[in-house]
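S.K.: Handing you a structure now.
The values are calculated or read from the model by the stated rules, or taken from the named source; none is laboratory data. What you are looking at is a predicted structure, and each value in this text was computed from that prediction instead of being measured. All Cβ positions, glycine included, derive from the backbone under ideal geometry; neighbour counts span all protein chains shown.
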Amino acid sequence: MSSSWGNALKISIFGESHGPGIGVVLDGVPAGLALDLEQINTFMRRRAPGRDKTSTPRKEKDLPEILSGFWNGYTTGTPLTALIQNSDTHSSDYSQFASIARPGHADYTGFVRYHGFNDIRGGGHFSGRLTAPLCFAGAVAKQLLAQKGVLVGAHIFRAAGIPDQPYPTLSLDAQTLLSPGEKDFPVLDDAAGEQMRAAVEKARLAQDSVGGIVECGVIGMPAGIGSPMFDGLENGLASLIFGIPAVKGLEFGDGFAAADLLGSQNNDPFCIRDGKVSAETNHAGGILGGISNGLPILLRVAFKPTPSISQTQQTVDFKAMTQGSVNIRGRHDPCIVARAVPVVEAAAALALADAFLSQGM
Ligand SMILES: Cc1cc2nc3c(=O)[nH]c(=O)nc-3n(C[C@H](O)[C@H](O)[C@H](O)COP(=O)(O)O)c2cc1C
């Protein structure tokens, strides 16, 4: 099913961008997890629009209302449901897209797939807004993982071609991992962040948009979580991460760069460190054979530039079968990468929580 995912921990995301609300049902959350609701809301605010000038001016509070599965401060073990109201919708901005395809959007493919019955307002179920319930689910998964000593964080690795510092691949500590998430613009190097912001603003003024890369790190992961072949950690992570709109690429560890290395350069020599099996380097990004090796898990996610730009663009009317042009009005992120940082964390946390629970841990 398109918007349901998971083995031991299942999520089902519902709603459309301009419908009454969006939400998620989580099934498989163990009973007795003391949810910190303030922590969930703080995490959700990191994704919500309007936090930084690089994001859309659409105002949404993104306050999840928990409808089931939570009682007296603890999860009950039965389905946990959260609903988020949509309030700031301008649906008239979208009426023309029932037949005119916005380049870079799913208007045409959605029309063909759903025979014209899909809700086109605000991108409907294809909208980046559907990552709000994903973040709720991810916030719960992060709390579950934290109980096991596993921490997930992320930062903007690159935006508009401008690089941040990378996470250290071996000595990644909690402060370095999590500090970007405490900032309005989640980078390690604030000077690089200022350059990124300036480049985003330049693109916005030129009626254009930019993309970028989010780097995600996981620490405290014990060795031995995951499986080979089709149920590995990389599989689960990839499946959820490609569920995030605008994701076009994903790499683990050295990723595509590993293809140009020699085996002697790419292999991570094993060693014993603090009485544990460890390695001298971490080109593998913490995963071997689909299974965690106890080193930090590192992955990078490429986001395309925001498809909605206010320049006139060539397109077609797919009902009238004519070629013409389109001008997109409405409110859009000139760069979605900052808002995508917590979304990547959420997707990663869900994949890892599912892997733990699938092994009865
Ligand atoms: C957090 C987030 C916010 C987004 N905001 C916008 C936006 O304001 N304008 C836009 O055109 N696309 C936005 N997108 C991307 C589109 O939803 C996405 O590119 C589009 O639905 C087509 O899907 P695809 O790129 O996965 O093929 C956003 C994506 C995310 C993850």
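Rundown of residues vs (1) out of contact with any strand residue (DSSP E or B) (no Cβ under 7 Å at 6 or more places or on another chain); (2) within 25 Å of Gly193 (Cβ to Cβ), yes/no style:
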| site | (1), (2) |
| --- | --- |
| Val214 | no, yes |
| Asn235 | yes, no |
| Pro245 | yes, yes |
| Lys248 | no, yes |
| Ala259 | yes, no |
| Gly285 | no, yes |
| Gly294 | no, no |
| Thr306 | yes, yes |
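S.K.: Check Gly211, Gly226, Gly193 and return the single one that is surrounded by 17 or more Cβ atoms within 10 Å (Cβ to Cβ), closer than 19 Å to Asp268 by Cβ and either within 16 Å of the ligand (Cβ to nearest atom) or more than 18 Å from the chain's Cα centre (by Cα) (or both).
M.R.: Unique residue meeting the criteria: Gly226.
S.K.: May I pose another question? Taking into account only those residues within region 126-135 that are within 8 Å of the ligand (Cβ to nearest atom) and buried (at least 24 other Cβ atoms within 10 Å of the Cβ), which is farthest from Ala355 (Cα to Cα)? Before you say what the answer is, go through the steps one by one.
M.R.: Of region 126-135, the ones within 8 Å of the ligand (Cβ to nearest atom) are 126-129, 131.
If we keep only those that are buried (at least 24 other Cβ atoms within 10 Å of the Cβ) as well, we get 129, 131.
Working: Arg129: 26, Thr131: 21 Å.
Filtering region 126-135 for residues that are within 8 Å of the ligand (Cβ to nearest atom) and buried (at least 24 other Cβ atoms within 10 Å of the Cβ), the one farthest from Ala355 (Cα to Cα) comes out as Arg129.
S.K.: Shifting gears a bit: Given the criteria in a strand (DSSP E or B) and farther than 30 Å from Val210 by Cα, does Ser278 qualify?
M.R.: Working: in a strand (DSSP E or B): yes; farther than 30 Å from Val210 by Cα: yes.
So Ser278 passes the test.
S.K.: In this structure, does Ile328 turn out to be at negative phi, under 23 Å from the mean Cα position of the chain (by Cα) and either modelled with pLDDT under 95 or within 12 Å of the ligand (Cβ to nearest atom) (or both)?
M.R.: Against the criterion (at negative phi, under 23 Å from the mean Cα position of the chain (by Cα) and either modelled with pLDDT under 95 or within 12 Å of the ligand (Cβ to nearest atom) (or both)), Ile328 does not qualify.
S.K.: Identify, from the list Gly123, Gly110, Gly138, the residue that is among the small types (Gly, Ala, Ser), part of a helix (DSSP H, G or I), near the ligand (Cβ under 10 Å from one of its atoms) and out of contact with any Ser or Thr (no Cβ under 6 Å at 6 or more places or on another chain).
M.R.: Values: Gly123 fails: out of contact with any Ser or Thr (no Cβ under 6 Å at 6 or more places or on another chain); Gly138 fails: near the ligand (Cβ under 10 Å from one of its atoms).
Sole residue among the options that is among the small types (Gly, Ala, Ser), part of a helix (DSSP H, G or I), near the ligand (Cβ under 10 Å from one of its atoms) and out of contact with any Ser or Thr (no Cβ under 6 Å at 6 or more places or on another chain): Gly110.
S.K.: Ok, one more. Out of Ala348, Ala340, Ala355, Ala320, report the one residue that is within 8 Å of the ligand (Cβ to nearest atom) and of a type in the set (A, V, I, L, M, F, W, C). Talk me through it step by step, then tell me what you get.
M.R.: Working: Ala348 fails: within 8 Å of the ligand (Cβ to nearest atom); Ala355 fails: within 8 Å of the ligand (Cβ to nearest atom); Ala320 fails: within 8 Å of the ligand (Cβ to nearest atom).
After applying the criteria, what remains is Ala340.
Results for (1) within 16 Å of the ligand (Cβ to nearest atom); (2) over 28 Å from the mean Cα position of the chain (by Cα), shown as yes or no for each residue.
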{"residue": "Leu262", "(1), (2)": "no, yes"}
{"residue": "Gln265", "(1), (2)": "no, yes"}
{"residue": "Pro269", "(1), (2)": "no, yes"}
{"residue": "Ile272", "(1), (2)": "no, yes"}
{"residue": "Asn282", "(1), (2)": "no, no"}
{"residue": "Leu288", "(1), (2)": "no, no"}
{"residue": "Ile291", "(1), (2)": "no, no"}
{"residue": "Leu298", "(1), (2)": "no, no"}
{"residue": "Lys304", "(1), (2)": "yes, no"}
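S.K.: Take the conditions away from the ligand (no atom under 15 Å from the Cβ), surrounded by fewer than 19 Cβ atoms within 10 Å (Cβ to Cβ) and either within 18 Å of Val150 (Cα to Cα) or among the small types (Gly, Ala, Ser) (or both) and apply them to Ser310. Does it pass?
M.R.: It is false that Ser310 is away from the ligand (no atom under 15 Å from the Cβ), surrounded by fewer than 19 Cβ atoms within 10 Å (Cβ to Cβ) and either within 18 Å of Val150 (Cα to Cα) or among the small types (Gly, Ala, Ser) (or both).
S.K.: How about region 329-348: which of its residues are crowded, with 23+ Cβ neighbours inside 10 Å and in a loop (DSSP other than H, G, I, E, B)?
M.R.: Asp333, Pro334, Cys335, Ile336
S.K.: Here is a follow-up. Conditions: (1) under 28 Å from Pro245 (Cβ atoms); (2) out of contact with any strand residue (DSSP E or B) (no Cβ under 9 Å at 6 or more places or on another chain); (3) among the basic types (Lys, Arg). Lys276 meets all but one. Number of the miss?
M.R.: Among (1) under 28 Å from Pro245 (Cβ atoms); (2) out of contact with any strand residue (DSSP E or B) (no Cβ under 9 Å at 6 or more places or on another chain); (3) among the basic types (Lys, Arg), the lone unmet condition for Lys276 is (1).
S.K.: While we're looking at this one, here's another question. Please count how many residues of region 161-179 are surrounded by fewer than 17 Cβ atoms within 10 Å (Cβ to Cβ) and not in a helix (DSSP H, G or I). Lay out the reasoning, then the answer.
M.R.: First pass over region 161-179, keeping only residues surrounded by fewer than 17 Cβ atoms within 10 Å (Cβ to Cβ): 161, 163, 165-166, 168, 170-171, 173-175, 179.
Going one step further and asking which of them are not in a helix (DSSP H, G or I), we end up with 161, 163, 165-166, 168, 170-171, 173.
Qualifying residue count, region 161-179: 8.
S.K.: Let me ask something additional. What pairs come up if the first residue lies in region 332-360 and is under 28 Å from Gly290 (Cβ atoms), the second is within 9 Å of the ligand (Cβ to nearest atom) and of a type in the set (S, T, N, Q), and their beta carbons are under 7 Å apart, counting only those six or more places apart or on different chains?
M.R.: Note: pairs meeting the criteria are Val343/Thr131.
S.K.: Answer with yes or no whether Arg300 is charged (D, E, K, R), assigned to a strand (DSSP E or B) and surrounded by 18 or more Cβ atoms within 10 Å (Cβ to Cβ).
M.R.: Spelling it out, Arg300 is indeed charged (D, E, K, R), assigned to a strand (DSSP E or B) and surrounded by 18 or more Cβ atoms within 10 Å (Cβ to Cβ).
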